[in-house]
Amino acid sequence: MAKEKSIKELEDLPGVGPTTAEKLKQLGYDSIEKIATASPHELSELSGMKLEAAKQAIDAAKQATTLDYKTASEVNEKRRLLGRIQTGAKGLDELLGGGIEANAITEAYGRFASGKTQLGFQLSVNVQRPVESGGLGGKTLFIDTEGTFRPDRIEQLAKAAELDPKQVLDNILVVRATTTDQQILAIERADKLVKESNVKLIVVDSLMSLFRSEFIGRGALNERQGKLNVHIHNLQKLADNHDLAVYITNQVMDNPGILFGDPTTPVGGNIVAHAATTRLYMRKSKEDKRIVRLVDSPNMPEGEAVIKITPDGIKD
Ligand code: GTP
Ligand code: MG
(Lines give C-alpha, C1' and ligand atoms only; values in the text may rest on other atoms or scores of the structure.)
(Ligands and ions follow the chains in the order given, each with its own letter.)
Protein backbone atom coordinates (compact mmCIF):
# COMPACT_ATOMS: atom_id res chain seq x y z
CA MET A 1 0.00 0.00 0.00
CA ALA A 2 1.28 3.42 -0.85
CA LYS A 3 2.38 5.38 2.12
CA GLU A 4 -0.26 7.98 2.93
CA LYS A 5 0.98 11.48 3.15
CA SER A 6 -0.08 13.27 6.27
CA ILE A 7 -2.90 15.75 5.85
CA LYS A 8 -2.27 19.17 7.33
CA GLU A 9 -3.54 21.69 4.80
CA LEU A 10 -6.68 21.69 2.69
CA GLU A 11 -4.48 21.16 -0.37
CA ASP A 12 -3.42 17.78 1.04
CA LEU A 13 -6.96 16.41 0.77
CA PRO A 14 -7.69 14.15 -2.21
CA GLY A 15 -9.38 16.03 -5.04
CA VAL A 16 -8.58 19.44 -3.56
CA GLY A 17 -6.15 21.46 -5.64
CA PRO A 18 -4.85 24.92 -4.79
CA THR A 19 -7.77 26.64 -6.57
CA THR A 20 -10.43 24.61 -4.78
CA ALA A 21 -8.59 25.05 -1.49
CA GLU A 22 -8.59 28.82 -1.94
CA LYS A 23 -12.28 28.78 -2.81
CA LEU A 24 -13.10 26.64 0.22
CA LYS A 25 -11.21 29.03 2.48
CA GLN A 26 -13.18 31.95 1.11
CA LEU A 27 -16.38 30.06 1.82
CA GLY A 28 -15.38 29.66 5.46
CA TYR A 29 -13.97 26.12 5.31
CA ASP A 30 -10.56 27.22 6.45
CA SER A 31 -9.49 24.16 8.39
CA ILE A 32 -9.45 20.37 8.07
CA GLU A 33 -11.87 20.22 11.04
CA LYS A 34 -14.44 22.27 9.17
CA ILE A 35 -14.23 20.01 6.14
CA ALA A 36 -14.56 17.01 8.44
CA THR A 37 -17.85 18.28 9.83
CA ALA A 38 -19.32 19.52 6.54
CA SER A 39 -22.01 17.60 4.72
CA PRO A 40 -21.10 16.31 1.24
CA HIS A 41 -24.05 18.09 -0.39
CA GLU A 42 -23.27 21.42 1.24
CA LEU A 43 -19.60 21.16 0.30
CA SER A 44 -20.20 20.16 -3.29
CA GLU A 45 -22.96 22.75 -3.77
CA LEU A 46 -20.79 25.60 -2.54
CA SER A 47 -17.41 24.66 -3.95
CA GLY A 48 -18.47 23.18 -7.27
CA MET A 49 -16.70 19.89 -6.43
CA LYS A 50 -18.39 16.71 -7.62
CA LEU A 51 -20.43 15.04 -4.88
CA GLU A 52 -18.22 11.95 -4.89
CA ALA A 53 -15.07 14.06 -4.62
CA ALA A 54 -16.59 16.04 -1.76
CA LYS A 55 -17.36 12.79 0.06
CA GLN A 56 -13.78 11.59 -0.36
CA ALA A 57 -12.36 14.88 0.86
CA ILE A 58 -14.62 14.78 3.92
CA ASP A 59 -13.65 11.17 4.71
CA ALA A 60 -9.96 12.03 4.45
CA ALA A 61 -10.47 15.09 6.63
CA LYS A 62 -12.29 12.96 9.23
CA GLN A 63 -9.41 10.50 9.35
CA ALA A 64 -6.88 13.30 9.62
CA THR A 65 -8.52 15.09 12.52
CA THR A 66 -7.30 13.86 15.82
CA LEU A 67 -10.00 13.60 18.40
CA ASP A 68 -9.69 14.49 22.01
CA TYR A 69 -11.73 11.81 23.78
CA LYS A 70 -13.39 12.97 26.95
CA THR A 71 -15.43 11.00 29.44
CA ALA A 72 -19.10 11.91 29.67
CA SER A 73 -18.57 13.23 33.18
CA GLU A 74 -15.87 15.62 31.93
CA VAL A 75 -18.23 16.83 29.23
CA ASN A 76 -20.98 17.16 31.79
CA GLU A 77 -18.72 19.18 34.08
CA LYS A 78 -17.84 21.57 31.25
CA ARG A 79 -21.49 21.96 30.32
CA ARG A 80 -22.49 22.68 33.90
CA LEU A 81 -19.91 25.45 34.05
CA LEU A 82 -20.98 26.97 30.75
CA GLY A 83 -24.09 28.62 31.98
CA ARG A 84 -27.25 29.83 30.36
CA ILE A 85 -29.25 33.02 30.10
CA GLN A 86 -32.72 32.77 31.59
CA THR A 87 -35.49 34.15 29.42
CA GLY A 88 -37.80 35.47 32.11
CA ALA A 89 -40.38 32.74 31.49
CA LYS A 90 -39.91 29.58 33.58
CA GLY A 91 -41.78 27.40 31.10
CA LEU A 92 -39.53 28.49 28.25
CA ASP A 93 -36.40 28.05 30.39
CA GLU A 94 -37.48 24.49 31.21
CA LEU A 95 -38.10 23.76 27.55
CA LEU A 96 -34.54 24.94 26.84
CA GLY A 97 -32.95 23.05 29.73
CA GLY A 98 -32.37 26.20 31.79
CA GLY A 99 -32.24 29.03 29.27
CA ILE A 100 -30.33 30.13 26.18
CA GLU A 101 -27.04 28.24 26.07
CA ALA A 102 -23.55 29.73 25.99
CA ASN A 103 -21.06 28.28 23.45
CA ALA A 104 -23.93 27.76 21.06
CA ILE A 105 -26.14 29.44 18.50
CA THR A 106 -29.85 29.69 19.29
CA GLU A 107 -32.15 30.68 16.47
CA ALA A 108 -35.69 32.02 16.81
CA TYR A 109 -37.77 32.03 13.65
CA GLY A 110 -41.34 33.06 13.04
CA ARG A 111 -43.63 35.51 11.32
CA PHE A 112 -43.74 39.24 12.04
CA ALA A 113 -44.72 40.24 15.57
CA SER A 114 -44.10 36.72 16.85
CA GLY A 115 -41.74 38.10 19.50
CA LYS A 116 -38.27 37.33 18.10
CA THR A 117 -36.95 40.85 18.65
CA GLN A 118 -38.61 41.15 22.06
CA LEU A 119 -36.87 37.97 23.21
CA GLY A 120 -33.60 39.44 21.92
CA PHE A 121 -34.16 42.59 24.01
CA GLN A 122 -34.99 40.54 27.09
CA LEU A 123 -31.85 38.41 26.73
CA SER A 124 -29.76 41.58 26.21
CA VAL A 125 -30.89 42.69 29.66
CA ASN A 126 -30.86 39.31 31.40
CA VAL A 127 -27.32 38.39 30.30
CA GLN A 128 -26.08 41.27 32.46
CA ARG A 129 -27.25 39.61 35.66
CA PRO A 130 -24.69 37.56 37.55
CA VAL A 131 -24.50 33.82 36.91
CA GLU A 132 -26.28 33.07 40.24
CA SER A 133 -29.25 35.12 39.05
CA GLY A 134 -29.66 33.55 35.65
CA GLY A 135 -27.31 35.71 33.60
CA LEU A 136 -23.73 35.43 32.41
CA GLY A 137 -22.49 38.63 34.04
CA GLY A 138 -21.55 40.22 30.74
CA LYS A 139 -22.47 42.68 28.02
CA THR A 140 -24.40 42.37 24.78
CA LEU A 141 -23.31 43.04 21.23
CA PHE A 142 -26.49 43.72 19.26
CA ILE A 143 -26.35 43.69 15.46
CA ASP A 144 -29.50 45.42 14.26
CA THR A 145 -30.10 44.80 10.55
CA GLU A 146 -33.73 45.93 10.47
CA GLY A 147 -33.58 49.20 12.38
CA THR A 148 -35.82 47.86 15.11
CA PHE A 149 -33.56 48.29 18.14
CA ARG A 150 -35.47 50.35 20.76
CA PRO A 151 -33.46 51.79 23.69
CA ASP A 152 -36.65 52.98 25.39
CA ARG A 153 -37.97 49.42 25.44
CA ILE A 154 -34.67 48.23 26.97
CA GLU A 155 -35.04 50.92 29.63
CA GLN A 156 -38.53 49.68 30.42
CA LEU A 157 -37.28 46.08 30.72
CA ALA A 158 -34.36 47.17 32.93
CA LYS A 159 -36.66 49.08 35.29
CA ALA A 160 -39.01 46.10 35.52
CA ALA A 161 -36.00 43.92 36.40
CA GLU A 162 -34.95 46.45 39.08
CA LEU A 163 -31.68 47.16 37.32
CA ASP A 164 -30.17 50.59 36.66
CA PRO A 165 -31.51 51.50 33.18
CA LYS A 166 -28.56 53.73 32.30
CA GLN A 167 -26.07 51.03 33.17
CA VAL A 168 -28.06 48.39 31.31
CA LEU A 169 -28.07 50.59 28.19
CA ASP A 170 -24.34 51.28 28.55
CA ASN A 171 -23.76 47.53 28.54
CA ILE A 172 -25.41 47.01 25.16
CA LEU A 173 -23.21 47.76 22.16
CA VAL A 174 -25.37 48.31 19.12
CA VAL A 175 -24.30 48.14 15.48
CA ARG A 176 -26.85 49.25 12.92
CA ALA A 177 -25.90 47.32 9.77
CA THR A 178 -27.46 48.29 6.46
CA THR A 179 -25.45 46.02 4.16
CA THR A 180 -24.30 42.41 4.44
CA ASP A 181 -20.70 43.66 4.33
CA GLN A 182 -21.31 45.73 7.45
CA GLN A 183 -23.08 42.83 9.10
CA ILE A 184 -20.22 40.45 8.32
CA LEU A 185 -17.50 42.92 9.37
CA ALA A 186 -19.26 43.70 12.65
CA ILE A 187 -18.75 40.07 13.62
CA GLU A 188 -15.43 39.48 11.88
CA ARG A 189 -13.83 42.36 13.81
CA ALA A 190 -15.57 41.70 17.12
CA ASP A 191 -12.98 39.43 18.71
CA LYS A 192 -11.03 42.13 20.53
CA LEU A 193 -14.14 44.05 21.59
CA VAL A 194 -15.79 40.89 22.87
CA LYS A 195 -12.79 40.06 25.00
CA GLU A 196 -12.12 43.56 26.32
CA SER A 197 -15.74 44.42 27.02
CA ASN A 198 -16.69 40.98 28.37
CA VAL A 199 -19.46 40.46 25.85
CA LYS A 200 -21.45 37.34 26.79
CA LEU A 201 -24.30 37.62 24.30
CA ILE A 202 -24.32 38.42 20.60
CA VAL A 203 -27.69 39.13 19.01
CA VAL A 204 -28.12 39.23 15.24
CA ASP A 205 -31.60 40.59 14.49
CA SER A 206 -32.19 39.44 11.85
CA LEU A 207 -29.68 37.11 10.26
CA MET A 208 -31.12 36.91 6.77
CA SER A 209 -32.95 40.13 5.88
CA LEU A 210 -29.98 41.91 4.28
CA PHE A 211 -28.75 38.73 2.60
CA ARG A 212 -32.18 38.22 1.10
CA SER A 213 -32.47 41.75 -0.23
CA GLU A 214 -28.92 41.90 -1.64
CA PHE A 215 -28.67 38.50 -3.28
CA ILE A 216 -31.70 38.06 -5.47
CA GLY A 217 -32.47 35.17 -7.78
CA ARG A 218 -31.05 31.69 -8.20
CA GLY A 219 -27.86 32.96 -9.83
CA ALA A 220 -26.83 34.75 -6.65
CA LEU A 221 -27.68 31.89 -4.33
CA ASN A 222 -24.24 30.26 -4.26
CA GLU A 223 -22.50 33.50 -3.49
CA ARG A 224 -25.06 34.32 -0.81
CA GLN A 225 -24.73 30.94 0.89
CA GLY A 226 -20.94 31.16 0.77
CA LYS A 227 -20.88 34.53 2.48
CA LEU A 228 -23.49 33.42 4.95
CA ASN A 229 -21.42 30.37 5.78
CA VAL A 230 -18.38 32.50 6.61
CA HIS A 231 -20.52 34.80 8.76
CA ILE A 232 -22.02 31.92 10.73
CA HIS A 233 -18.66 30.25 11.22
CA ASN A 234 -17.37 33.52 12.66
CA LEU A 235 -20.30 33.66 15.06
CA GLN A 236 -19.66 30.07 16.13
CA LYS A 237 -15.98 30.84 16.64
CA LEU A 238 -16.79 33.76 18.95
CA ALA A 239 -19.23 31.56 20.88
CA ASP A 240 -16.58 28.85 21.31
CA ASN A 241 -13.64 31.09 22.10
CA HIS A 242 -15.38 33.36 24.57
CA ASP A 243 -18.03 31.08 26.13
CA LEU A 244 -20.75 33.41 24.98
CA ALA A 245 -24.30 32.87 23.73
CA VAL A 246 -25.36 33.75 20.19
CA TYR A 247 -29.03 34.53 19.55
CA ILE A 248 -30.13 35.00 15.96
CA THR A 249 -33.58 35.76 14.64
CA ASN A 250 -34.76 34.47 11.31
CA GLN A 251 -37.53 35.11 8.85
CA VAL A 252 -39.81 32.45 7.41
CA MET A 253 -41.37 31.42 4.13
CA ASP A 254 -44.04 28.93 3.18
CA ASN A 255 -42.46 25.74 1.91
CA PRO A 256 -44.63 24.61 -1.04
CA GLY A 257 -43.28 21.06 -0.54
CA ILE A 258 -45.21 20.70 2.70
CA LEU A 259 -48.76 19.76 1.75
CA PHE A 260 -50.14 18.91 5.19
CA GLY A 261 -49.53 20.71 8.43
CA ASP A 262 -47.73 23.99 8.97
CA PRO A 263 -45.68 24.99 5.89
CA THR A 264 -43.76 27.71 7.79
CA THR A 265 -40.05 27.17 7.19
CA PRO A 266 -37.08 29.26 8.30
CA VAL A 267 -35.10 30.85 5.45
CA GLY A 268 -31.36 30.40 4.88
CA GLY A 269 -31.37 26.76 3.84
CA ASN A 270 -29.04 24.05 5.06
CA ILE A 271 -26.30 26.37 6.16
CA VAL A 272 -28.42 28.05 8.82
CA ALA A 273 -30.19 24.82 9.76
CA HIS A 274 -26.87 23.09 10.26
CA ALA A 275 -25.32 25.93 12.28
CA ALA A 276 -28.06 26.60 14.80
CA THR A 277 -27.62 24.37 17.85
CA THR A 278 -31.15 25.06 19.02
CA ARG A 279 -34.05 26.30 16.89
CA LEU A 280 -37.18 27.92 18.27
CA TYR A 281 -40.32 28.46 16.23
CA MET A 282 -42.36 31.38 17.60
CA ARG A 283 -46.04 31.82 16.83
CA LYS A 284 -48.51 34.53 17.71
CA SER A 285 -51.43 33.37 19.79
CA LYS A 286 -54.24 35.36 21.42
CA GLU A 287 -53.36 38.91 22.50
CA ASP A 288 -49.96 39.00 24.19
CA LYS A 289 -49.50 35.22 24.17
CA ARG A 290 -46.87 33.55 22.03
CA ILE A 291 -46.25 29.84 21.49
CA VAL A 292 -42.61 28.83 21.38
CA ARG A 293 -41.81 25.45 19.92
CA LEU A 294 -38.43 23.78 20.43
CA VAL A 295 -37.73 22.34 17.00
CA ASP A 296 -34.16 21.20 17.18
CA SER A 297 -32.07 20.60 20.23
CA PRO A 298 -29.09 18.37 20.93
CA ASN A 299 -30.28 17.32 24.37
CA MET A 300 -33.86 18.40 25.04
CA PRO A 301 -37.04 16.74 23.77
CA GLU A 302 -39.25 18.68 21.36
CA GLY A 303 -42.04 20.57 23.03
CA GLU A 304 -43.82 23.87 23.42
CA ALA A 305 -44.05 26.66 25.96
CA VAL A 306 -46.48 29.54 26.11
CA ILE A 307 -45.03 32.94 26.95
CA LYS A 308 -46.50 36.42 27.29
CA ILE A 309 -45.00 39.66 26.02
CA THR A 310 -45.94 42.07 28.82
CA PRO A 311 -44.91 45.71 29.41
CA ASP A 312 -42.43 44.26 31.95
CA GLY A 313 -41.01 41.84 29.39
CA ILE A 314 -41.22 38.12 28.69
CA LYS A 315 -43.23 36.23 31.30
CA ASP A 316 -44.99 32.88 31.70
P1 GTP B 1 -40.54 40.99 12.87
O2 GTP B 1 -39.23 41.60 13.25
O3 GTP B 1 -41.48 41.97 12.28
O4 GTP B 1 -40.41 39.76 12.04
O5 GTP B 1 -41.28 40.51 14.23
P6 GTP B 1 -40.69 40.03 15.63
O7 GTP B 1 -40.93 38.57 15.73
O8 GTP B 1 -39.33 40.54 15.86
O9 GTP B 1 -41.70 40.72 16.61
P10 GTP B 1 -41.39 41.60 17.90
O11 GTP B 1 -40.48 40.88 18.82
O12 GTP B 1 -41.04 42.95 17.48
O13 GTP B 1 -42.81 41.56 18.60
C14 GTP B 1 -43.73 42.55 18.34
C15 GTP B 1 -44.83 42.36 19.36
O16 GTP B 1 -44.31 42.52 20.68
C17 GTP B 1 -45.85 43.45 19.21
O18 GTP B 1 -46.89 43.02 18.37
C19 GTP B 1 -46.34 43.64 20.61
O20 GTP B 1 -47.37 42.73 20.86
C21 GTP B 1 -45.17 43.26 21.46
N22 GTP B 1 -44.45 44.44 21.92
C23 GTP B 1 -43.53 45.17 21.25
N24 GTP B 1 -43.12 46.22 21.98
C25 GTP B 1 -43.79 46.14 23.12
C26 GTP B 1 -43.81 46.95 24.30
O27 GTP B 1 -43.11 47.93 24.41
N28 GTP B 1 -44.64 46.54 25.29
C29 GTP B 1 -45.41 45.42 25.19
N30 GTP B 1 -46.21 45.09 26.18
N31 GTP B 1 -45.42 44.66 24.08
C32 GTP B 1 -44.64 45.01 23.08
MG1 MG C 1 -38.08 41.81 14.80
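The values are calculated or read from the model by the stated rules, or taken from the named source; none is laboratory data. Please read all numbers here as calculations on a predicted model, not as lab measurements. Note that we place each Cβ from the backbone using ideal geometry, even for glycine, and neighbour counts take in every protein chain shown. Areas reflect the complete protein model, heavy atoms only, side chains present, ligands, DNA and RNA absent. Shrake-Rupley method; radii C 1.70, N 1.55, O 1.52, S 1.80 Å.
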Residue that is charged (D, E, K, R), open to solvent by 90 Å² or more (accessible area, probe 1.4 Å) and over 18 Å from ASN234 (Cα atoms), where the choices are LYS8, LYS23 = LYS8
Would you kindly identify the helices (runs of 4 or more DSSP H) lying entirely within the stretch 38-125 that contain at least 3 residues that are closer than 21 Å to ALA160 by Cα?
-> 90-96
Just name the residue that is nearest to ligand 1 (Cβ to nearest atom) out of those in the stretch 101-130 that are of a type in the set (Phe, Trp, Tyr) and over 17 Å from LEU169 (Cβ atoms).
-> PHE112
Within the stretch 164-200, can you find the residues that are in contact with a strand residue (DSSP E or B) (Cβ under 7 Å, 6 or more places away or on another chain) and not in a helix (DSSP H, G or I)?
-> ASN171, ILE172, LEU173, VAL174, VAL175, ARG176, ALA177, ASN198, VAL199, LYS200
What's the number of the condition THR148 fails, among (1) within 16 Å of ligand 2 (Cβ to nearest atom); (2) open to solvent by 10 Å² or more (accessible area, probe 1.4 Å); (3) in a helix (DSSP H, G or I); (4) not aromatic (Phe, Trp, Tyr)?
-> (3)
For the stretch 233-269, which residues satisfy the criterion of being surrounded by fewer than 22 Cβ atoms within 10 Å (Cβ to Cβ) and either closer than 13 Å to MET208 by Cα or within 16 Å of ligand 1 (Cβ to nearest atom) (or both)?
-> GLN251, VAL252, MET253, ASP254, THR264, THR265, VAL267, GLY269
Return a yes/no flag: does the stretch 121-141 have any residue that is of a type outside the set (Val, Ile, Thr) and near ligand 2 (Cβ under 10 Å from one of its atoms).
-> yes
